[in-house]
Amino acid sequence: LKESMLAESRAFFRELIDRNLSAANVAASDFLMLNQRLAEHYGIAGVEGAAIRRVPLPPGSPRGGFITQAAVLKVTANGTTTSHVVRGAWLADRILGQPIPPPPPGIPTIDPDTRGATTIRAQLDKHRADPSCASCHTKMDPPGFALEVFDVIGGFRERYRSLGKGEASGVKYFD
């Protein structure tokens with residue numbers, strides 16, 4: 001899977017260049033570059049074999065473009081958890097060329113409430129009430145939240161994994 005993830009990104013950019021496609025495909029495209037292993041990981045049927053090739057995006061898919069590729073989602077996670085802040089800041093810096101400054105000293109991080117009492121969005125609404133936090137979070141939170149529907153290796157999810165008691169499928173992410 002790791003090798004296929006890298007091959008997907010390389011093949012995707014090769015496809016953009018070879019076909020002189022719009023740079024808008026970085027954010028949204030109607031195709032993916034997949035082999036069987038990646039298609040299985042993404043839940044896309046009908047792709048067989050090890051060769052990476054252009055595959056039309058299935059209707060209703062949350063994927064499309066470079067930023068929803070497993071390799072990108074993997075580098076914007078720490079291996080066990082994801083963070084909309086890290087993903088949003090990475091996107092602002094690496095894709096949009098607008099780096100986000102580091103947080104002011106003494107600002108704590110916000111972690112998912114694994115008990116499920118509050119959502120990440122609710123916790124961040126409170127955090128963004130501080131004007132010094134809001135100035136950066138208004139830039140990185142929207143794209144970061146959009147990418148949080150993907151887990152640490154780019155699999156689609158609707159909930160965080162939970163280690164404690166609660167719903168079997170994990171902690172609710174969305175309001």
So, first residue of a type in the set (Ser, Thr, Tyr) in the stretch 124-153, second residue exposed (fewer than 12 other Cβ atoms within 10 Å of the Cβ) and assigned to a loop (DSSP other than H, G, I, E, B), Cβ within less than 7 Å, six or more apart or across chains; the pairs are Ser132/Pro104
Reported set for the stretch 1-43 where residues are hydrophobic (A, V, I, L, M, F, W, C) and open to solvent by less than 20 Å² (accessible area, probe 1.4 Å) is Met5, Phe12, Leu16, Phe31, Leu32, Met33, Leu34, Leu38, Ala39
Scanning the stretch 58-91 for residues that are hydroxyl-bearing (Ser, Thr, Tyr) and either open to solvent by 80 Å² or more (accessible area, probe 1.4 Å) or in contact with a Lys or Arg (Cβ under 8 Å, 6 or more places away or on another chain) (or both) gives Thr76, Thr80
Among the residues in the stretch 92-104, are any surrounded by fewer than 16 Cβ atoms within 10 Å (Cβ to Cβ), in contact with a helix residue (DSSP H, G or I) (Cβ under 8 Å, 6 or more places away or on another chain) and closer than 20 Å to Gly155 by Cβ?
no
Checked the stretch 44-57 for anything assigned to a loop (DSSP other than H, G, I, E, B) and surrounded by fewer than 13 Cβ atoms within 10 Å (Cβ to Cβ); matches are Ala45, Gly46, Glu48, Gly49, Ala50, Ala51
Result of the Cβ filter at 6 Å on the stretch 83-108, keeping first residues that are β-branched (Val, Ile, Thr) and partners that are outside any helix (DSSP H, G or I), at least 6 apart or interchain, is Val86/Thr76
Only one of Ala129, Ala71, Ala117, Ala134 is modelled with pLDDT under 75, small (Gly, Ala, Ser) and either in a helix (DSSP H, G or I) or out of contact with any Cys (no Cβ under 8 Å at 6 or more places or on another chain) (or both), namely Ala117
Subset of the stretch 117-158, residues open to solvent by 40 Å² or more (accessible area, probe 1.4 Å), β-branched (Val, Ile, Thr), out of contact with any helix residue (DSSP H, G or I) (no Cβ under 6 Å at 6 or more places or on another chain) and within 19 Å of Thr76 (Cα to Cα), comes to Thr138
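The values are calculated or read from the model by the stated rules, or taken from the named source; none is laboratory data. Predicted model, so just to flag it, every value in this text is computed and none were measured. Cβ coordinates were reconstructed from backbone atoms using ideal geometry, including for glycine residues, and neighbour counts include every protein chain displayed. Quick note on the areas: whole protein, heavy atoms, side chains included, nothing else; ligands and nucleic acids left out. Shrake-Rupley method; radii C 1.70, N 1.55, O 1.52, S 1.80 Å.
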